[in-house]
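Comments concern the structure below.
All of the numbers you see were taken from the coordinates with simple rules; none came from a lab. Model, not experiment: these values are computed from the prediction. Glycine also receives a Cβ, built like all others from the backbone with ideal geometry; neighbour counts cover every protein chain displayed.
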């Protein structure tokens, strides 16, 4: 396991502990699939990487971006969904708002809470909604 995957695993365990809190779970609105799936994003993940991981989770997931701060973590919650549009319904003249090679760090600098952005991978699109940005106290192991 490389350093990136070790960090992702550590953050995933931290999220799992946070999910024990009802107030934290309340920050995660229901997904269209009804499942409670999430993935942890790292700053150098590309939007393509995230799109592929969301696809493997059924096409809809919460993306959690954690940044350690003193005595806690800044938690940014996004909802990522593959478009439900048919391939023939996609606009051929659309302007790509976000390139698939954009890093998550760059993406996060361009989106604010309440925003919705679309990124395109080949002939499909993925919709990302920035839902919440808060600081959570660190949950002891």
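State the extension gain, in nm to one decimal, for the chain segment bounded by residue 109 and residue 13, taking 0.36 nm per residue of separation less the distance between their alpha-carbons. The partial results should precede the final answer.
Numbers: separation 96, 0.36 × 96 = 34.56 nm, distance 2.53 nm.
Taking 0.36 nm per residue and subtracting the Cα distance, the gain is 32.0 nm.
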Relative contact order in percent for the range 3-137 (Cα pairs under 8 Å, 6+ apart) equals 25
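Among 126, 37, 12, what is the fewest-to-most ranking by other Cβ atoms within 10 Å? Before the final figure, lay out the partial values.
Details: 126 23, 37 17, 12 14.
Ordered from fewest to most neighbouring Cβ atoms within 10 Å, 126, 37, 12 come out as 12, 37, 126.
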Expressed as a percent, the portion of alpha-carbon pairs in the range 3-137 spaced more than 24 Å apart is 27
